[in-house]
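Scroll down for the structure; my scribbles are underneath it.
The values are calculated or read from the model by the stated rules, or taken from the named source; none is laboratory data. Treat the numbers as computed from the prediction; the structure is a model and nothing was measured. Here Cβ is always computed from backbone atoms with ideal geometry, including for glycine, and neighbour counts include all displayed protein chains.
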Amino acid sequence: MSRVKILVAGVGSAGARIVDRTAEALAGAVPVAAIDTDGRTLAEVHATAKIQIGMSRTGGFGSGGDAELGRMAAEDDLEMVRALLTDVHLAILVAGLGGGTGSGATPVIVKAAQEAGATTLCVATLPFDFEGPQRKAVADRARARLRDACDALVAVPNERLVEVVGDRGVPETFARTEELIGEAVSCLCKLITRPGYIRLGFADLRQVISRSGGACTLGYGSGRGADKAQQALAGLLKSPLLEQGRVLESSRCMLVGIQGGADLTVKEITEIMKGLSAQAAKDCHISMGTVIEDTWNERLAITVVASEAALSMAEDLQQSGETESELDLEGETIKVRRKAGVAQAKLQFDAASRGRFKDIEPTILDGEDLDIPTFVRKRIPIEK
Amino acid sequence: MAVSPIVAVEIGTSKVVALVGELREDGHVVITGMGEAASSGVRKGEIVDLENAAVCVRSVLGMAEQSGNVYIRQVYLAVSGGHIQSVINRGTVPVLDRRVGITSEDVEQVMEVARAVNLAPDREILHTICRHYCIDDQERVLKPVGMDGAKLSLDVLVVHGVRTRINNTVRVIKNLPVAVQDVAFSGLCSALAVLRTEQKKSGVVVIDLGGGTTNYLAYADGVVAAAGALGVGGDHITNDVALAFNIPTSQAETLKRGSGSALVQATGSSPRVTLPPEVGFPGRTVSVKALQTVIHARVQEILTMIFRRLEREALLHQIGAGVVLTGGGAHLKGMVELAEQVFGLPCSIGTPINVNGLASVTGRPEYATCCGLVLYGFKTSAERPGGSSFFRGLWRGLFGRQ
């Protein structure tokens, strides 16, 4: 029996469809909620809880791509969402950004989860290029808000997902991308809730989250048959999700979940971890866990959550001392500790990149320190 | 000469300027003297080193005295800084005697009430600008005196800032044998210098891109509709460049002025610029595209922040005459084009047009604030012939319809 309470919530139509997959895979082990403004989507998914928000504003027909409407819808019906979040330790929110409900409502729900004392992990897909600049702009704005609001944001561009699943028919492409994220999320949940032989706990996930500096990348690879481990590893490393493995090189911290059947061997695990370590930076902190599914014979999948932003060594040391200790699962304690971690991260960052404004009062606007170069805050790559 | 000359001082983040202005018989304001020096002791528009700032101002005033051939005893002072904000307040009073209609006493009364805005105890009002009157339910009344009505309301725009910070700017001058006649918000001054009446009527935004602060002021329907400041300016652009390429600030400044642009113009295999070696700096080359990417990110952010604020006040549809960019930052290449992208409105660079005299001053956007302050001085002294006893007093009509 697990004492860690997890909630997986899909927000918006895309989010709801993704958690539909997660719900299928988890088979009731973890509560899965679908939150949307559109009644039709909710009717189609198999979530344990379905919440239709913003009925009074949208009449139940969805938000029509208006993020502002999505936000108001969530604010109207926040009480229903709060009821779901009571005593939750980890809230995994899944959303497709670019539309109305996913982009508008998710930041509001993340905030409510934070207030309820949960650690928040947000998995968000970014729109395809063909969806046009408008949706991309909406998604970018929502992404910025989410990055501020939640503890860790895993952003997955749909464009990269298509490269993974290959060019197929439209319904299949969408179904496969949703399936992939759904699987990855369910793998994360299983890692935490199931007593595996090599166990990965809530504390490990929290550590990746707190070290990530807020931005993570998701990687997924799967294989079948005799050389399933090799297949899965090769698929993962070649996957555009991790930019052909480049993300691993710069990542400071990653969490690896290996899901397989009862035939998963120690040799296979060693193979996979060797392959990953070879790609990763020397000082990268890797946490690993396995999930054994009886129905997964001859099948194997690797899920990787890798931090994108690199925090300094000194801070890593400070933080590792804290998180390796036995975890106290009372909501309040967790919250306090997490906040301390975030404050540290900011201090480090400030000293490093404020330049001539180092010793004077910072200009803080909407929670951003404007003295830090814009390209640093927005993570715009600069060719030196 | 009927009116004594007015001296305006701006203690900016990058430079300290003093201008001497005279009012000619035909009503034109002519700049007859100036002093200028690189600033020290100022960061982001606020004083951080009183002594150094005072030394700076003293030498600048000396220069202005010499070139303007005046003896300076009192000055007008521009204040800036990210702490300056504005708020719209409405005051309402019942009309005293309905039989005679609204009298000037009612107007005085409503002004008193409208001014009494609830601010945090550490804040001080810089300007109270009358927008329009409202009689019962009739909005936008211009001159209410003599009209009939049961209650009279007045909308004012109150520009306010943190008292201690405003006082610190004033203190720089107080250390010298010079008195401060009045202080004014830099953004307001810039608007006075660069705008035409038609622009104010059709609605316009003035953005003054300074070294340490960016001030903005919006006119809608001929009256000031919003004003504010951000503690971010040209220094931040330079700092971003210095950090991005790990070069000294002085080199970053040269780079910004030489090859910098608010738009990323360089393409693909972009050219590189070479920074010559100097003492303690080995020299290096920098990709023009990377440089422009750094600058673009910062400038776009500044403009977008102002855009968002105006959007929040629901002002954007009232801006018919577009955006006027002024201040030293207006020299940055691509600035107008980027502003057009961000605001979706016609943009232009504003130079001080409402003053004459020294060509080195009147044609350049970086002197807009100081020129505007001279104008401010003449307008306020004309309105209150009593002199300067009414420090930071109520200021009526000047920004309303005339």
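Remarks
- Every listed requirement among (1) in contact (Cβ under 8 Å) with a residue 60 or more places away in the chain; (2) surrounded by fewer than 18 Cβ atoms within 10 Å (Cβ to Cβ); (3) of a type outside the set (Ser, Thr, Tyr); (4) part of a helix (DSSP H, G or I) is met by B:GLY320 save one, (4).
- Residue-level analysis places B:THR254 among those that are in the same structural domain as B:PRO277 (by TED's automatic domain parsing) and in contact (Cβ under 8 Å) with a residue 12 or more places away in the chain.
- With respect to the stated conditions, B:LEU192 is of a type in the set (A, V, I, L, M) and closer than 24 Å to B:GLU124 by Cβ.
- Residue match in the stretch B:68-79 (condition: among the basic types (Lys, Arg) and within 29 Å of B:ASN239 (Cβ to Cβ)): no
- Filter result for A:THR125 (β-branched (Val, Ile, Thr) and at pLDDT 85 or above): yes
- Segments classed as helices (runs of 4 or more DSSP H), wholly inside the stretch A:265-384, with at least 3 members that are modelled with pLDDT of 85 or more and away from chain B (no Cβ under 14 Å): A:266-279
- Pick from the stretch A:164-186, criterion charged (D, E, K, R) and free of Cβ contacts under 8 Å to residues at least 60 places away in the same chain, ranking: farthest from A:ALA27 (Cα to Cα): A:ASP167
- The single condition among (1) farther than 20 Å from B:GLY210 by Cα; (2) of a type outside the set (Gly, Ala, Ser); (3) away from chain A (no Cβ under 14 Å) that B:LEU332 does not meet is (1).
- Selection status of B:GLY81, crowded, with 22+ Cβ neighbours inside 10 Å and either under 30 Å from B:ASP136 (Cβ atoms) or in contact (Cβ under 8 Å) with a residue 40 or more places away in the chain (or both): yes
- Test: residue in the stretch B:160-169 that is in contact (Cβ under 8 Å) with a residue 24 or more places away in the chain and under 30 Å from B:VAL95 (Cβ atoms): yes
- Leading residue by the ranking (surrounded by the fewest Cβ atoms within 10 Å (Cβ to Cβ)) among those in the stretch B:1-28 that are in contact with a Leu (Cβ under 6 Å, 6 or more places away or on another chain) and in a strand (DSSP E or B): B:VAL9
- Scanning the stretch B:58-96 for residues that are in a helix (DSSP H, G or I) and closer than 24 Å to B:LEU188 by Cα yields B:VAL60, B:LEU61, B:ALA64.
- One residue stands out in the stretch A:87-113 among those that are in contact with an Asp or Glu (Cβ under 8 Å, 6 or more places away or on another chain) and closer than 19 Å to A:ASP76 by Cα: the one that is surrounded by the fewest Cβ atoms within 10 Å (Cβ to Cβ), namely A:VAL108.
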